[in-house]
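Read through the structure below, which is laid out as C-alpha cells, and then see the notes.
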Amino acid sequence: MARYILFRLVSAIPVILGITVIVFLIMSLIPGDPAQAILGAYATPENVARINRDLGLDKPMVERYFIWLGNMLTGDFGRSFSLNRPVLDEILERFSATLVLASVSLLVCSLIGVAAGVVSAARQYGWADKTITFAVLIGISIPSFFLGMLMILLFAVKLRWLPVSGMFEIYGGRGPGDLLRHLVLPSVALAVVATGVVARLSRGAMLEVLRQDYIRTARAKGVGEGRVLWGHALRAAMVAILPILGLQAGFVLSGAVYIEVVFQWPGVGRMLVDAILKRDILLVQGAVTFVAGCYVLFNIVVDVAQAMIDPRIKA
Amino acid sequence: MPVFLKLVFRNRLAGAGAIIIAALVLTCLLVPVLPLADPDQTDTAHRFIRPFSEGRLLGTDHLGRDLLSRLLWGTRLSLAVGAVAALLAATFGTLIGVTAGYFGGRVDAVLMRGVDMLMAFPYILLALAIVAALGPGLLNALIAVAAVNVPFFARNIRGISAGLAAREFIDAARLAGEGHLRIILTELLPNVLPTIIVAVSTTIGWMVLETAGLSFLGLGSQPPQADLGSMLGEARPALITAPHTLVVPGLAIFVIVMSINLLGDGLRDALDPRLRSGALARPSPVTLIERAEVPAARAAPGFLDLDALDTRFRVGRRLYKAVNGVSLSIARGECLGLIGESGSGKSVTALSIMGLVASPPGVITGGAVRLEGEDVLALPYAALRSLRGRRVAYVFQDPLSTLHPLYRVGDQLTEAMRVHDRITDQEARARAIELLDTVQIPNPAERLSAYPHELSGGMRQRVGIAMALANDPDLIIADEPTTALDVTVQAQILALLDQLRRDRGLSILFITHDFGVVGQLCDRVAVMYAGRIVEEGPTAAVLAAPAHPYTRRLIDCVPELGGGKRALTAIPGLPPAVDSLPEGCAFAARCDRARDVCRTGTLDLAQTGGRAVRCLFPETTATEDRA
Amino acid sequence: MTTPALEVRNLSKSFPVGRGLFRAGRLVRALMPTDLVVMPGETLGIVGESGCGKTTLARMLVGLLAPTTGTLEIGGKPLDTSDRRVSSQQIQYVFQDPISSLNPRKTIRQTMETPLRVLFGMDAAARAARIAEVFDAVSLRPEFLDRYPHEFSGGQAQRIGIARALLAKPDIIVLDEPVSALDVSVQAQVLNLLAALKEEFGLTYLFISHDLAVVEAVSDRIAVLYFGSVVEVGPAAAVFARPHHPYTRLLADSAPVVGRPLARRADGAGELPDPLDPPAGCAFARRCPKARERCRSDAPPLATMGDDRLAACHFPD
C-alpha cells in the first residue's frame, strides 16, 4: 500500500505541472499589454515596473512560465494589488474558511447520498424509492444560490432560527458553537445538489451490483439480506461510488463560490469573484492554481481509498 | 421514431417534461412578437411593484422594469446559451472521445491525459479563470461553461467508443476495406449517437444552471441585458424587502432545469436497451411465489422432489414459460443430470429450487419443491435462508463472476459457515483450510488470503466447490460448473466432483448441455426441451437407446472424439420461443416422426419402468427395450 | 508438388504489456515463431485451450494484427493485407461471436453491400445480384436482408457472417471458433453448411476451435497449440487417436466421452505457465508426466515423427 501511495504522489507531479501550464495558458489569453491587464485599475508606474521585474513580462512566454513556476515553488505567489498583501497569505486565510464549509458539505452529501442510494435501490419502485428519486430530482434541478436565498428568507428572516450570513457574529462570536450556527444554512444549501447526484449515482451503482452473479452466490450461501445489501453489494458498489465522491469534492468546491457570495462567507470563492471583477489577475491565478492543487491531492486520497477496497487496482 | 416517442411518453414525468420544454421553446420563439413591455425600460417611480398588480402581471424590479418581460426575454437568452454551450461541449467532447476511443494506444493516452488535466480542476475554477482572462460577459461565460464541460463529454464518449471499437463488427468493417474515417462515421458514430443525445439532453439543464450561476455572480450577462441568472443576482440586495424579484427568476430556472432533467431521463431510459428489457430491475432475495394450488405430495417422497414446477418470466406483456410443469426426483447420494440447450429452462429449474430465480421478472406460479417431503416454497424467508448453503448448496457456472471480487477467498469461505453456525475465528480458519485441501488446492493456508482474480479459472471453481461444501450439505446443485473452463481443467473438476460425491454420499443435480459429461458423471439423466422434461431415465440406457426423437437427434448432432471426419445429422429449425409455445409437442415442428396428432392437446410424460418419455411415437429401439 | 494454398513461415506475435506513455513495458509472446502449410482444398484444424495463441494466429492471417516476425504466402505469392482489394479475394475471416460481428445499427443489406461497394466499386444491380447469389448459397431467405442483427438467432447470424466471407469469392476462409457460441443442434447445421460450401466453391479452411471433437469431425489435418507454440501436427484421424505429444494425449483423455470413466490421475493437474515469466525449456514440462531434466532446459523443436506427423517433444510417445 505504501508503494501505491508513493506511486500516486509521484504521478500527481505531472498533473500539477499540467495545471500550472493550463492556468498560465489561459492567463496568456488576456488581450493587450500584460502588465496593464494584470494590474487593471492598479496600474501605477511603480506597480507596472514591479510586475515586469517579478514576472519578467518583457521575456518570452516559456521563460515567463518558468519564472512564475519558480516563484511559486518558493512560496511567492506574487502580490495582490487590490488587497495590497501577498497572494498566498490571502489565499491561505480564505481557503481555510472554504475548507470548513466544503468538507462539512462533502461529509453530509456522502453519508446521506450513499445511504439514500442504497435504500432507494433496495426498495426499487417502492414508495421509499419513489420519494427519494423525486427529492433527488428537485435537488439537482434547483440552483444552489436560489435555494440559499430561499433558506435565508425562511430560516433567518422569517423564523429567525439561524443567522443570515457570515461565518461568525461580528461581536462576541468566534466560538465553535457560533461557527456551527453560521455553518448550518450554507453547508446544507451547498450539499443539496451534491447529495442528489451522489444518491442518484449510488442507486444506479447498487442496482448494477445487485444483478451480479456474486450477489446470487451470497444468497445461495444463505447470507441474510442486511449483509447482502450493506456488505456484499455496497462494498462492490463503492468501487463505482468513490470516484463519484471524488468528483463531488470538485462540485462542492465549485458550488462554494455561489454559496459564499450568497451567505457572505469569507472563503476563497467569494474572494475569486471579487478579484475577477476588480481584475486582480495575480490573485485569480494564484488562487486557481492553489485550489486545483489541493483538489488533486484530495483525489489521491480518494484513489488510495479506492485501492484499499479494490485489490484489483494495485499498480 | 413513433415507437421511440411512445417509449418516452410512457414515462409520464418525461412526457410532462417534454410538454413543458416544448411550450417554453415555443414561447421563447414568440417573445419578439408578443405584446410585452420593453425589458430594459426603467421606471424608478414604480419600483418593486408586487406581482399580480394591474398591467404588471409579475410586478417590477428595483429599477421598475417589467418582470414578466424580463423573465421571458431572460428565459429565451438562458435557454439559447445553455443549448449552444451543450452543443459546443458535445461536439468537441465527441471529437476527442471518439478519436481516443477508436484509435486507442498512444493517441488515447495523450488525449486522455489532457482531459484528465482539465478534470483536475474543480470545474468552476477553470470557468472563472477563463472569464477572468477574457473578461466578464455572456459570450465569454458561454465559452467558459462549454470549455469546462468538454472533458466530461470526452471521457464518457471515449468509454463507449473504446468498448465499441473492440467489437467484432469494427474488425469486420476493416476487413471490408473501410478506412478509419469511414469506419468512425458509418460504423462507430451511429452506435455512439444515442449516448451523445442522452448526454446532451441531460447536460443542457446543467449548462443553463452554470451560465445562470456566472451571470448571478456578475460575470455573465451584463446590465441591462437580462438572463435568468443576472435577474437573480440583481434581486439579491433586495432579498428581504422584495422577495418576488428573487422568486420569479429562481422558480423559472428551477422549472426549466427540472423539465429538461425529466425529459433527459426519459430519453435515457428510452434509448438504453437494458432498461427497455427491464434488466436493470433489482432481484429480490427470494423468487416471487404466486401459486394457485400446491400439488399433493408424492406417496413415496425422495430426498428432493420437484412436483409440476412452473416458473415464468413476466416481461412487459409477455409471459415466458421458462419452466413448465417440471417434475424430478433425486435420491440421497444420487447424481441426476439435467441436460438441454440454452433456453430450455434447465438453469431456471435449478435456481427455482432454493428461490434464487431473479424476480422481477421471475415468478414461480405453480408446483412444489419438497426437501424430504417438506414444501420449500411454502417456507418463510428465514427458514428458506437457513436451508440455503446448509442443506442445499450451489456451484455456479463462471467462477470469476460468481465469487465476490473484493473479498478474500478465506473470508468468503468462512462466511458460508458463519451464516449457519456460530464458530470461532480459529475454527472457521481451520475448516476453511481443510476444505481447500479437500478440493485439492495446493498450499491451502496461503490461498486463504488470495483474492479471486489472483487464481486461475480452475482454482476459482475449486474454491466455489469448497464453498458449497462448507456446511456439509446433502445436495449440491451444480449449474454448468465446467462450461467456462478449458477441457483439461474440466476433466479435473469433474473427477473431483465425482470423488467428493462418493466419499461424502452427496446428492448432485448437475446441469449441463454436454452428453459426454452426463455420461461420465450422472446416474440418471433428464432431458429438457422448451421448458419441459421430454425424457428421463438411467444415463446408460437413455444414451444407448434414446426414446424421445429430440434426445436421439441431439445425441447425433454432437460429434464425439474418435469418430474421424464426418458429416453430422443436424436438427433443422430452432426451438420454439417459450412465450409462444405451440399446442401439443414443442418439438413437433422439427421432428421427422411427427404426425398431425402431435400438434394437438397436451402430452404427458409417460412412465415405463425406470424411464419416462413425453412422446406419442417414441423411438422404436427404446420401446422394444422396454417390451 | 502443388503449391500450398497458404504457407506461414516463422510467424510470431509479441504484445507489449504495462506500457505507459513514457514507460517501455515488457513484451509478452502470444505466438512463438510458427510454420504452417495448408494445401488447396484442405481443412486444417487448429486446436488449443484459452491463451494458446490461436486467435492471435487467426487475426494475423487476415491482417487484423500485424505480425512481429514472419511471412505469409498465399498460392506462392506473399500476402499483402494492406491492399484489401486483392487480399480479400484470397483470404476471409468468420468471427466467433456472430451477433457482435454485425453492426447493430445497420441492416444486413447495408453490411453486405459495404465490401462490394468499397472494395470492388460494384453498382447497385451487380451488388444485389452478388448478394442474392451468396444468400442462396448459405440458404438464407432474401427478406432477411432488410432486417437488423438483433432480429436473428445465433445460427442465422453466423450464416450471415459466412455469407459475408463468401462475397469476395476468397480461396481461403479462416474460421475462428465459428460454432462455439451456438447450441449443439444449430452447431451441426452450421458445420454441415460449411462442408457443403467447401465442396461447392473449392474452398480451403483454417478451422480454429477449442472443441476437439468438432475439430476432428471437420478437419483433414490438425495442429495442436499450447502456450503459443504448435506442439503437434498430423492427420485428423491420427492425432487424437495416437498422440505423440503428451499434451495432445492429455487433451484427448480430458474430452468427456460417454462410457469412459473419469480419470482420477493427478498428472496434468497444473496450469499454463505465466506468460510474463515463460519457462526456459518445454512449456508443458511442469504438467508432463514424462518430463526429465532436459525438458526443463531445452525447448524441443517441432520434429518429424517418422510418419506424416510432427511433434515438439524430446520424448514422444
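Some points to look at:
- For chain C, the relative contact order comes to 20 percent (Cα pairs under 8 Å, sequence separation of at least 6).
- When B:LYS6, C:LYS106 are compared by accessible surface with a 1.4 Å probe, the order from highest to lowest is B:LYS6, C:LYS106.
- For chain A: span of alpha carbons on each principal axis (Å, largest first): 79, 55, 35
- Where B:HIS62, B:HIS244 fall by accessible area, highest first, once all protein chains stay in place (1.4 Å): B:HIS62, B:HIS244
- Shape of segment B:186-253, Cα gyration tensor, a/c cut at 1.5: prolate
- Helical mean residue ellipticity (222 nm; -39500 (n - 2.57) per DSSP H run of 4+; nearest 500) of the protein assembly as shown: -16000 deg cm²/dmol
- In degrees, nearest ten, helix B:12-30 long axis to first principal axis of chain B (Cα): 30 degrees
- Computed over chain B: relative contact order in percent, which uses C-alpha pairs under 8 Å that are six or more apart: 11 percent
- Cα centroid separation, segment A:47-86 to segment A:112-177 (Å): 42 Å
- Taken about its Cα centre, segment B:514-627 carries a charge dipole of roughly 200 debye when the Cβ of each Lys and Arg holds +1 and the Cβ of each Asp and Glu holds -1.
- Amide H to amide H distances under 5 Å link B:VAL315 with B:TYR320, where only residues 5 or more positions off or on other chains count and H is placed in the peptide plane.
- Note, ³J(HN,Hα) from phi for segment B:566-575, Karplus 6.51, -1.76, 1.60, rounded to Hz, x at Gly and Pro: 6, 7, 9, 8, 8, 9, x, x, 10, x
- Sparsely packed trypsin sites (Lys or Arg not before Pro) within segment B:384-473, loop by DSSP, other Cβ within 10 Å at most 13: B:ARG422
- Helix C:124-137 vs. chain C, principal-axis angle (Cα, 0 to 90°, nearest 10): 50 degrees
- Taking the Cα centre of segment C:119-258 as origin and assigning +1 to Lys and Arg Cβ atoms and -1 to Asp and Glu Cβ atoms, the resulting dipole is close to 140 debye.
- Three-way shape label, segment B:540-626, alpha-carbon gyration tensor, a/c 1.5: oblate
- Chymotrypsin sites (Phe, Trp or Tyr not before Pro), loop per DSSP, at most 16 other Cβ atoms within 10 Å - longest free stretch of chain A: A:172-315
- Using the alpha carbons alone, the radius of gyration of the protein assembly as shown stands to its Kirkwood radius in an Rg to Rh ratio of 1.01.
- Cα centroid of segment B:422-484 to Cα centroid of segment A:229-305, whole Å: 45 Å
- Kyte-Doolittle at least 1.0, axis length at least 20 Å by Cα - qualifying DSSP helices, chain A: A:2-27, A:87-122, A:127-141, A:176-210, A:234-262, A:281-309
- Cross-link pairs beyond the 23 Å C-alpha cut-off, checked among B:LYS565/C:LYS198; C:LYS13/C:LYS169; A:LYS221/B:LYS346; A:LYS221/B:LYS321; A:LYS130/A:LYS158; B:LYS565/C:LYS290: C:LYS13/C:LYS169; A:LYS221/B:LYS321; A:LYS130/A:LYS158; B:LYS565/C:LYS290
- Counting, for every residue in B:174-183, the Cβ atoms of other protein chains within 10 Å of its Cβ and taking the mean gives 6.
- Accessible solvent surface per residue of segment A:208-292, calculated while the other protein chains remain in place, 1.4 angstrom probe, Å²: 24 Å²
- Close amide-amide hydrogen proximity is noted between B:SER329 and B:LEU306, each under 5 Å apart and 5 or more residues distant or on a separate chain (H modeled in the peptide plane; Pro and chain starts excluded).
- Those lysines that a straight Cα-Cα span of less than 27 Å connects to A:LYS59, excepting residues fewer than 8 apart in one chain: A:LYS278
- In segment A:97-159, trypsin sites (Lys or Arg not before Pro) in a DSSP loop with at most 13 other beta-carbon atoms within 10 Å: none
- Put the Cα centre of segment C:207-257 next to the Cα centre of segment B:538-595 and the gap is 27 Å.
- Three semi-axes describe the equivalent ellipsoid of chain B; taken as square roots of 5 times the Cα gyration tensor eigenvalues and ordered largest first, they are 64, 29, 26 Å.
- Overall shape: rounded for segment B:300-403, with the ratio a/c of the largest to smallest alpha carbon gyration tensor axis below 1.5.
- DSSP-assigned coil residues among trypsin sites (Lys or Arg not before Pro) in segment A:273-315, each with at most 15 further Cβ atoms within 10 Å: A:ARG312, A:LYS314
- Highest-fluctuation residue, C:ALA157, C:ALA181, C:ALA255 considered, GNM on chain C with Cα pairs under 10 Å: C:ALA255
- Ordered by solvent-accessible area of protein heavy atoms (1.4 Å probe), largest first, the residues A:ASP129, C:ASP136 come out as C:ASP136, A:ASP129.
- A Gaussian network model of chain A, with springs between Cα atoms under 10 Å, assigns the largest mean-square fluctuation among A:ARG79, A:ARG219, A:ARG203 to A:ARG219.
The values are calculated or read from the model by the stated rules, or taken from the named source; none is laboratory data. What you see is a predicted model; the values in this text were computed from it and never measured. Cβ atoms come from the backbone with ideal geometry, glycine included; neighbour counts cover every protein chain shown. Quick note on the areas: whole protein, heavy atoms, side chains included, nothing else; ligands and nucleic acids left out. Shrake-Rupley method; radii C 1.70, N 1.55, O 1.52, S 1.80 Å.
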